[in-house]
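Worksheet: the structure to be examined is printed underneath.
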Amino acid sequence: MAEITAANSGTYAFDDQFKINRLGYGTMQLTGAGTWGPYSDPKKAVSVVQKAVELGVNFFDTADSYGPWFADRYLAQGLKGAANQDEIFISDKIGQTRQGPGVWTPHGEPNYLRQQLEVSLMTLGIDHEDLLFLHRIDSHFSVEQQVGELKKLQDEGKIKHIGLSQVTVAQIKEAQKYAQIDAIENLYNVGNHDDDDVVDYAQSQHMAFVPWFPLDTGKLTKADGPLAQIAAKYDASPAQIALAWLLKRSANILPIPGTSSVDHLQDNIAAANIDLSATDFDTLSHLAK
Ligand SMILES: NC(=O)c1ccc[n+]([C@@H]2O[C@H](COP(=O)([O-])OP(=O)(O)OC[C@H]3O[C@@H](n4cnc5c(N)ncnc54)[C@H](OP(=O)(O)O)[C@@H]3O)[C@@H](O)[C@H]2O)c1
């Protein structure tokens, strides 16, 4: 049986220092219901992060709004003492506020963005962000104000790379007037790839594309779901097929499946060993509504 390691998913180079394994991990499941409050078993949450490191994951996606702060704390604890500390690349997000379970309100006031960044650095125990996404563009402030503040923070050495989340190609082009944009994080999976144009634009601009909801919040993992037939052919799980499709779709795609289960984590990372045939890739590409 092939080794289960994120290294088998190939690499993506953010810069001279960071060439990360493409298959990463997203921390959003490490909270209470509605992405609110602590996870029911904090030790387990930390152990999932530790297991991810063990399985070769060196790309972790997080946000202060997950919990808020709880997912970041578990991430920091899980990464503490990791042997490959200098290879770990964190993408973080600012620009959302939380008022309760399932409630998210964008807030892009530049001073607030700055505060969020400073608090996140403290929570994560780092001195700069490898990649910081503007979680949402807040329509109450201009793109220049919001992205301009990230550029200031970058010039101060607090952010290495700047990214945008849930944006159109037109919004990316607007933001590119104020800073170099190195990554995009949008909703995207085999069942919903409405943002194909964003993936292709990102690829043309040498930007990473981080698909959120890569498993469509678990709907694509169902044993009787739309991926079951092809999964059986590869002796794989439907989750693995969903991730293998993303990995094959474009070399700039970095999937970050979320899970609070070590077994599911292992299942997801094993997707790196699946090479879909061109025919199956094509069939899957036409599944989307
Ligand atoms: N930028 C944004 O606006 C934004 C928005 C949403 C999410 N995100 C990021 O995207 C990441 C991924 O999104 P997500 O975690 O919400 O959704 P997801 O990865 O599409 O799906 C996660 C769900 O699938 C289940 N699951 C995971 N692996 C499985 C497997 N192998 N078999 C069966 N079930 C499995 C998980 O349950 P278990 O815990 O039981 O495994 C969980 O319910 C987040 O963690 C976050 O970092 C970003």
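The values are calculated or read from the model by the stated rules, or taken from the named source; none is laboratory data. It should be emphasised that the depicted structure is a prediction, and the values quoted were computed from it without experimental measurement. Cβ atoms come from the backbone with ideal geometry, glycine included; neighbour counts cover every protein chain shown. Side chains included, ligands, DNA and RNA excluded: accessible areas come from the protein's heavy atoms. Shrake-Rupley method; radii C 1.70, N 1.55, O 1.52, S 1.80 Å.
Data for the structure
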| quantity | calculated |
| --- | --- |
| Selection count where residues are away from the ligand (no atom under 14 Å from the Cβ), under 30 Å from LYS248 (Cβ atoms) and part of a helix (DSSP H, G or I), scope the stretch 17-66 | 3 |
| Considering residues of the stretch 4-15 that are farther than 20 Å from LYS80 by Cβ and touching a helix residue (DSSP H, G or I) at 6+ places or on another chain (Cβ under 8 Å) only, the residue nearest to the ligand (Cβ to nearest atom) | ILE4 |
| Pairs, first open to solvent by 40 Å² or more (accessible area, probe 1.4 Å) in the stretch 187-200, second of a type in the set (A, V, I, L, M), C-beta under 7 Å, six or more apart | ASN192/ALA288; ASP197/VAL169 |
| Residues (in contact (Cβ under 8 Å) with a residue 12 or more places away in the chain and under 21 Å from the mean Cα position of the chain (by Cα)) located in the stretch 104-117 | TRP104, PRO106, HIS107, GLY108, LEU113, GLN116, LEU117 |
| Strands (runs of 3 or more DSSP E) wholly inside the stretch 112-205 containing at least 2 residues that are away from the ligand (no atom under 16 Å from the Cβ) | 159-165 |
| Selection within the stretch 256-286 - under 18 Å from the mean Cα position of the chain (by Cα) and either of a type in the set (Lys, Arg) or near the ligand (Cβ under 8 Å from one of its atoms) (or both) | ILE256, PRO257, GLY258, THR259, SER260, SER261, HIS264, LEU265, ASP267, ASN268 |
| Residue check for TRP69: open to solvent by 60 Å² or more (accessible area, probe 1.4 Å), modelled with pLDDT of 95 or more and more than 14 Å from the ligand (Cβ to nearest atom) | yes |
| Conditions (1) open to solvent by 60 Å² or more (accessible area, probe 1.4 Å); (2) out of contact with any Gly (no Cβ under 7 Å at 6 or more places or on another chain): number failed by PRO38 | (2) |
| Members of the stretch 216-252 that are buried (at least 23 other Cβ atoms within 10 Å of the Cβ) and outside any helix (DSSP H, G or I) | LEU227 |
| Test: residue in the stretch 210-223 that is free of Cβ contacts under 8 Å to residues at least 12 places away in the same chain and more than 12 Å from the ligand (Cβ to nearest atom) | no |
| Complete set of residues in the stretch 154-170 that are surrounded by 18 or more Cβ atoms within 10 Å (Cβ to Cβ) and either out of contact with any helix residue (DSSP H, G or I) (no Cβ under 7 Å at 6 or more places or on another chain) or without any contact (Cβ under 8 Å) to a residue 40 or more places away in the chain (or both) | GLN154, HIS161, ILE162, GLY163, LEU164, SER165, GLN166, VAL167 |
| Residue, farthest from THR217 (Cα to Cα), within the stretch 16-50, restricted to residues that are out of contact with any helix residue (DSSP H, G or I) (no Cβ under 6 Å at 6 or more places or on another chain) and among the aromatic types (Phe, Trp, Tyr) | PHE18 |
| Failed criterion for PHE213 (all others in (1) open to solvent by less than 40 Å² (accessible area, probe 1.4 Å); (2) of a type in the set (A, V, I, L, M, F, W, C); (3) at positive phi hold) | (1) |
| Where ALA82 falls short, out of the listed (1) part of a helix (DSSP H, G or I); (2) surrounded by 15 or more Cβ atoms within 10 Å (Cβ to Cβ); (3) at pLDDT below 95 | (1) |
